[in-house]
Amino acid sequence: MTCVIDVPLPQNPYQVRVAPGSLPDLGAELSRLGLDAKILVVSNPEIFEHYGPLVLASLRRQGFQPEVHLVPAGEGSKTLSMVSELYDAALDLRLERRSAFLALGGGVVGDLTGFAAATWLRGVNFIQVPTSLLAMVDASIGGKTGVNHPQGKNLIGAFYQPRLVHIDPQVLKTLPEREFRAGMAEVIKYGVIWDSDLFAALEAEENLSSLETISPELLTTLIRRSCQAKADVVSQDEREGGLRAILNYGHTLGHGVESLTGYGPVNHGEAVAIGMVGAGALAVKLGLWTEAENRRQLALLEKTGLPTRLPESINISELIASLQLDKKVQGGKVRFILPETIGRVKMTDQVDADTLTALLESLKD
């Protein structure tokens, strides 16, 4: 059964389509968008081996002329030099304004491909076909595209909306368990910031640490509710002028952890989980939410098998310095998204250096 979620932006509305077993229908969906025949499919070797032939066959059945460019898996591919490779591929293919870039992969492939699409010919069509849980529920929706700078994550980028997000939950069967848990961090995030019913549904499950521990029906529900939460927020604030900043819950600290560990030993979802623990503890210290609610969040993260402590390799002084490079810094003050209750958060820059240092030290104990 297909679930359609509208992202009703004033200038660039689009749909998120969630349907198990729907990958063979991708070409038919794209035929409704008025694209020209040329499509540059960007993926990584492992994902393409599993799903590339199916996607190419679907596109060709509808008269499209897809070409493929593969990039190495991992955060190391989110660089300007890799974007330049995509420009070269687009030039070789003679992509035009009505042509399209199609991202077949996780968040790295989506961010990289979206930035190339945003900047090639000042913007061509962009299609998201996410294959990781994290990309399905978060990275593929909302139009944030970009690459990393050596000193910080996603410092180079653009807001650029896709024409379509096509989600087939069945492709998650080949997702490594660790990557599944990383995606669950973002699902839990939506429960804390927006959807208390989603949070309660997660609490009701005995085990959330792998795809095998939840039913296909619950998986589709988690994806649908997470996508709806993000669509609700993005439709009210496309370019992070205010409300959309709540989507960064756990990310301020998380991005610092990712950067200092070299974008690999701690993946994005794991870093966000650690960041959520830090944000929850800060909220207790500031009297924003209760210790009982904080324990509920911690228990859910632990039940999912996500890390809740800072890596021993992290230097606290370096971590605090890295927070100053966060995109939400304003007037030299780091702004944190902190919870007030399950389902509601707020932004504050009223976290003094001593409080922050003591908190981070406690996360290493």
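The values are calculated or read from the model by the stated rules, or taken from the named source; none is laboratory data. Not measured: the values here are computed from a predicted model. Glycine gets a Cβ as well: all are built from the backbone with ideal geometry, and neighbour counts include every protein chain shown.
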The residue from L222, L288, L300 that alone is more than 30 Å from Q151 (Cβ to Cβ), touching an Asp or Glu at 6+ places or on another chain (Cβ under 7 Å) and not in a loop (DSSP other than H, G, I, E, B) is L300
Apart from one, (1) of a type outside the set (D, E, K, R); (2) farther than 30 Å from E212 by Cβ; (3) surrounded by 15 or more Cβ atoms within 10 Å (Cβ to Cβ); (4) under 24 Å from the mean Cα position of the chain (by Cα) all hold for Q297; the odd one out is (2)
Of the conditions (1) basic (K, R); (2) within 14 Å of V147 (Cα to Cα); (3) surrounded by fewer than 22 Cβ atoms within 10 Å (Cβ to Cβ), the single one that K78 does not satisfy is (3)
(Q) Whether any residue in the stretch 114-121 is surrounded by fewer than 24 Cβ atoms within 10 Å (Cβ to Cβ), farther than 15 Å from G146 by Cβ and not assigned by TED's automatic domain parsing to the domain that holds V266 is what I want to check. (A) yes
Margin query: Condition first: β-branched (V, I, T), out of contact with any Asp or Glu (no Cβ under 6 Å at 6 or more places or on another chain) and more than 27 Å from N207 (Cβ to Cβ). Can you find one or more residues in the stretch 304-314 that meet it?
Written below: yes
(1) touching a helix residue (DSSP H, G or I) at 6+ places or on another chain (Cβ under 6 Å); (2) closer than 30 Å to P20 by Cα; (3) buried (at least 18 other Cβ atoms within 10 Å of the Cβ) all hold for Q228 apart from (1)
Quiz item: Is it the case that some residue within the stretch 140-156 is part of a helix (DSSP H, G or I), of a type outside the set (D, E, K, R) and out of contact with any strand residue (DSSP E or B) (no Cβ under 7 Å at 6 or more places or on another chain)?
Solution: no
Checking E293, E312 in turn, the sole residue that is closer than 18 Å to K189 by Cβ, in the same structural domain as Y249 (by TED's automatic domain parsing) and in contact (Cβ under 8 Å) with a residue 40 or more places away in the chain turns out to be E293
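This table checks each residue for (1) in a helix (DSSP H, G or I); (2) among the basic types (K, R).
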| position | (1), (2) |
| --- | --- |
| R295 | yes, yes |
| K346 | no, yes |
| Q350 | no, no |
| T357 | yes, no |
| L360 | yes, no |
By residue number, the members of the stretch 177-191 that are of a type in the set (A, V, I, L, M, F, W, C) and either out of contact with any helix residue (DSSP H, G or I) (no Cβ under 6 Å at 6 or more places or on another chain) or surrounded by fewer than 24 Cβ atoms within 10 Å (Cβ to Cβ) (or both) are M184
